[in-house]
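A quick write-up on the structure given underneath.
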C-alpha cells in the first residue's frame with residue numbers, strides 16, 4: 001500500500017472517530033483492491049475509481065447523492081428505532097415476540113419483564129427461564145395453550161387472563177393480548193402485550209363480596225321492615241297513621257328493589273361470551289309485557305309491532321323493557337295507566353337499525369334524571385338522580401350494541417327510545 005493511501009485511511013479513521021455517521025466517499029483513480037477493502041472496512045460508504053469512459057463529475061455527484069440518501073435513511077431508521085425502544089421500555093408491562101410452542105420461547109421481551117416477573121430480559125431471551133413452564137402458573141399452563149391455539153386456528157387474536165409466579169415466588173394475575181404472525185401461510189411467531197391486573201382482580205373480588213353481603217342484608221332487613229309496617233297498618237285506625245305506614249312500606253319496597261337492580265348492574269358488567277344468543281324481536285317484548293302485566297294487572301299495555309327481525313341479547317333487552325314499562329306504570333299516577341310499545345326500522349338512512357318506543361301518559365322523566373345519564377358530567381349528591389332504573393336500562397341496551405334516548409311528547413308523558421342493531425349487524 002502506498003504512503004498516500006495510508007494517510008487517506010488515517011484521515012478516514014480520524015473522521016470516523018469524530019463523526020462516525022458522516023457519509024464518506026473516496027474518489028481515487030487506480031485504487032488497489034487492498035485500499036478499497038480497508039477503506040470500506042473502516043467505514044467509507046464507497047470508493048469511486050474514475051475511468052476514461054466515466055471520468056465525469058456527474059458520476060461522482062451521483063455516487064455521493066446515493067451515499068447521502070443512504071445516510072439519511074439510516075438516520076431516520078435509527079431515530080424511529082430509538083423512539084420505539086423508548087416507548088416499549090416505558091410501557092407498564094411486557095411487549096414480546098415468541099415462538100408458538102408450549103414453553104413460549106422468547107425472541108424478544110421488553111424491559112418491563114423484570115418489574116412484572118422478576119426475571120431479566122437476558123434470562124428469558126437466552127432460554128435460561130422458560131416463560132411457559134417457569135413463569136406461567138402450572139394450573140393455567142394448559143388452559144393458556146388451548147385458548148391461544150383455538151383463537152389462532154379461528155384466525156382471531158387472543159385475550160387471556162391467567163396467573164404467573166414471579167422469581168421470588170409471588171402470584172400475580174396478568175392479562176395477555178396477542179396474535180399470530182404469518183409468513184407464506186406459516187406461523188413464524190406470536191406477538192403481544194402482557195400487563196399486571198392483580199390489583200384489579202383484588203378490587204373486583206372485594207366489590208363482589210361487599211355487594212353480596214349488602215344485597216343479602218339489605219333485602220332481609222327491608223323485608224322485616226315491610227312485614228312489621230303491614231302489621232302496623234292493619235291495626236291503626238287513624239287515616240293519617242295509615243298514610244304514614246303506607247309511606248314507610250312504599251319506601252321499604254323501593255329500597256328492597258334496589259338490591260335487585262344492583263344485582264342486574266353487576267350482571268351486565270360480567271365478562272360475556274364472544275357471541276350473545278339471538279331471538280326474534282317479539283320474544284323479549286312479549287316476555288317483558290307478561291312479567292309486568294303479572295305484577296301490575298291494572299295497567300293497559302298495548303303493542304304496535306309487526307317487525308320480523310332478530311336481535312342479539314334478548315334477555316338483556318327484556319330487562320331493559322321491563323324497567324321502562326315499570327317506570328311508566330309506577331310514576332303515571334293513573335288507576336289504569338296506558339303504555340304503548342312500538343317497533344319500526346329506522347328507514348333508508350339506517351335500514352339495519354331497529355327502534356323500540358315505550359310511551360306513557362305520566363308526568364315525564366325529569367330533566368335532572370335524564371342529564372344524570374350523561375357520563376361526561378360529574379356525579380354529585382344533588383345531580384345523581386333518584387334511582388338506578390334508568391342506569392340499568394342504559395347499560396343493558398349498550399351491552400347489546402344499542403343506544404337509549406328520550407323523545408319529547410307533544411302533550412304529557414314520556415317516550416323511552418331504544419335503538420338496536422339487527423342480529424347480523426351486532
**Request:** Post the alpha-carbon centroid distance, region 161-176 to region 323-337, in whole angstrom.
**Result:** 51
**Fill in**
Taking 179, 98, 412 and counting other beta carbon atoms within 10 angstrom, the fewest-first order is 412, 179, 98
**Request:** May I ask you to compute the full-extension gain from residue 295 to residue 344, defined as 0.36 nm times their residue separation minus their alpha-carbon distance, rounded to one decimal in nm?
**Result:** 14.9 nm
**Message:** Can you give the FRET efficiency to the nearest 0.05 for residue 101 and residue 195, using r as the Cβ-Cβ distance and R₀ = 25 Å?
**Reply:** 0.65
**Fill in**
Final fewest-first order of 72, 310 on the 10 Å Cβ neighbour count is 72, 310
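Which FRET efficiency value, to the nearest 0.05, is calculated for residue 182 and residue 149 with the Förster distance at 22 angstrom and r the Cβ-Cβ distance?
E between residue 182 and residue 149, to the nearest 0.05, is 0.90.
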**Asked** Which order do 165, 367 fall in if you start with the one that has the fewest other Cβ atoms within 10 Å?
**Response** 367, 165
**Request:** Under 1.5 on a/c is rounded, so check that first for region 91-196, then, if it is not, pick prolate when a/b is larger than b/c and oblate when it is not; a ≥ b ≥ c are the square roots of the alpha carbon gyration tensor eigenvalues.
**Result:** prolate
**Message:** Assuming 0.36 nm per residue, please report the length gained on full extension of the stretch residue 231 to residue 165 beyond their Cα-Cα distance.
**Reply:** 17.9 nm
**Prompt:** Label points 7 Å out from Cα along the Cβ direction at residue 403 and residue 202: separation in nm?
**Reply:** 4.1
**Request:** Express in nm, to one decimal, how much length is gained between residue 19 and residue 286 on full extension, taking 0.36 nm for each residue of separation and deducting their alpha carbon distance.
**Result:** 88.2 nm
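We did not get these values from a lab; they are worked out from the coordinates using the rules stated. Everything numeric here is computed off the predicted structure, so don't read it as measured data. Here the Cβ is made from the backbone with ideal geometry for all residues, glycine too, and neighbour counts use every protein chain on show.
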